[in-house]
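Inspection log for the structure reproduced underneath, given as structure tokens.
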Amino acid sequence: MKSGFVSIIGRTNAGKSSLLNFLLDAKIAIVSHKLNATRRKISGIVMHEKDQIIFTDTPGLHESNKTLNKLMINETIKSMGDCDAIIFLASIHDNTDEYEKFLNLNPKKPHILVLTKVDEVSNGNTLEKITYYQKFQDKFVALVPFSVKKQTYKKPLLDEICKLLPEHEYFYDPQFLTPTNEKEIYKEFILESIYENLNDELPYSTDVIIDRVQEKDEIINIFSTIITDRDGHKSIIIGKNGETLKRIGISSRKTISKFTNKKIFLKLIVIVKKDWHKSEKIINKINNY
Ligand SMILES: Nc1nc2c(ncn2[C@@H]2O[C@H](COP(=O)(O)OP(=O)(O)OP(=O)(O)O)[C@@H](O)[C@H]2O)c(=O)[nH]1
Ligand SMILES: [Mg+2]
């Protein structure tokens, strides 16, 4: 019996959160075509035959001088050390630069290189890309092509990962889907809905706090605050006659309800805290709420 921790690392938008949801066969992580959707790590427990893998999805690697982004990148770099093995995920469209940047971070744990989104190119292109990466073959333990969309190569990937795990009793009850607190997951789902419903830069000056959760038999009451940094942004989030906030609420409720299998009552309010994303103290407070 094996059990161990695997961090999913890669540049922003590579498909890390999609990979975690796919391996879990459940949605817990925020997915968006917009960059830097994942702001904090989130973990999922996957049972593969007799072994247990605890995957951690991390914020994408990128360069930025912004306080929020720097804290996100720090979290990812820390996750590279807090694990037994790493999956480095690159999109099939990427050249090897992103991977070389990762190698320059000096990963101390063994890693599997996964080339994802192969559904978007021909088999010939995939093979050609694989040959580019062959020159790094003494660095990675295995190279696995992958596609979340086509749902291929799940077993070979999990087989390879299990080879890297230590013999250990299960860290978590195999029935559990995630060790991450449910409040954290509700927060991600509401943020995902903000990414879906607001344009451009606005989601980046916005975050979510879960103030209170009351679980009753059939219904969960969730009281949540959306924090933004300008009065103008608050008006946009609320929208004409509250329409935008209503849309954000409806789609968050749907995702949370699917996850919990319960009816959801969701109360959303919007507050303004000027430049919150420039304050390390406030960001840490939001992340640890
Ligand atoms: N065609 C295709 N698209 C994919 C695949 N995996 C992910 N995507 C898309 O890629 C985009 C980014 O996916 P995410 O899972 O949010 O990427 P991420 O690496 O977690 O991004 P950050 O959290 O921003 O770092 C989304 O639009 C996904 O639908 C895949 O296998 N095939
Ligand atoms: Mg992500």
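The values are calculated or read from the model by the stated rules, or taken from the named source; none is laboratory data. Note that the coordinates shown come from a computational prediction; the quantities given were computed from them, not determined experimentally. FYI the Cβ positions are ideal-geometry reconstructions off the backbone, even for glycines, and counts take in every protein chain you see. Side chains are part of the model used for accessible areas, which takes the heavy atoms of the whole protein and leaves out ligands, DNA and RNA. Shrake-Rupley method; radii C 1.70, N 1.55, O 1.52, S 1.80 Å.
At a glance:
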item: Complete set of residues in segment 10-38 that are more than 9 Å from ligand 2 (Cβ to nearest atom) and either part of a loop (DSSP other than H, G, I, E, B) or within 22 Å of residue 197 (Cβ to Cβ) (or both); result: 21, 25, 26, 27, 28, 33, 34, 35
item: Among (1) open to solvent by 10 Å² or more (accessible area, probe 1.4 Å); (2) more than 10 Å from ligand 1 (Cβ to nearest atom) - the single one residue 13 does not satisfy; result: (2)
item: Selection count where residues are among the β-branched types (Val, Ile, Thr) and either open to solvent by 40 Å² or more (accessible area, probe 1.4 Å) or not assigned by TED's automatic domain parsing to the domain that holds residue 103 (or both), scope segment 28-39; result: 1
item: Unmet criterion (only one of (1) over 8 Å from the mean Cα position of the chain (by Cα); (2) of a type in the set (S, T, N, Q); (3) under 15 Å from residue 188 (Cα atoms)) for residue 65; result: (3)
item: Failed item, numbered, when residue 185 is tested on (1) among the β-branched types (Val, Ile, Thr); (2) over 19 Å from residue 41 (Cβ atoms); (3) in contact (Cβ under 8 Å) with a residue 40 or more places away in the chain; result: (2)
item: Residues of segment 40-62 satisfying the condition of being open to solvent by 10 Å² or more (accessible area, probe 1.4 Å), within 13 Å of ligand 1 (Cβ to nearest atom) and not β-branched (Val, Ile, Thr); result: 40, 41, 61, 62
item: Residues satisfying the stated conditions in segment 1-10, i.e. among the hydrophobic types (A, V, I, L, M, F, W, C) and either open to solvent by less than 10 Å² (accessible area, probe 1.4 Å) or in contact with a Lys or Arg (Cβ under 9 Å, 6 or more places away or on another chain) (or both); result: 1, 6, 8, 9
item: Yes/no for residue 93 being closer than 24 Å to residue 151 by Cβ and open to solvent by 60 Å² or more (accessible area, probe 1.4 Å); result: yes
item: Which numbered condition residue 181 fails, given (1) modelled with pLDDT of 95 or more; (2) of a type in the set (S, T, N, Q); (3) surrounded by fewer than 14 Cβ atoms within 10 Å (Cβ to Cβ); result: (1)
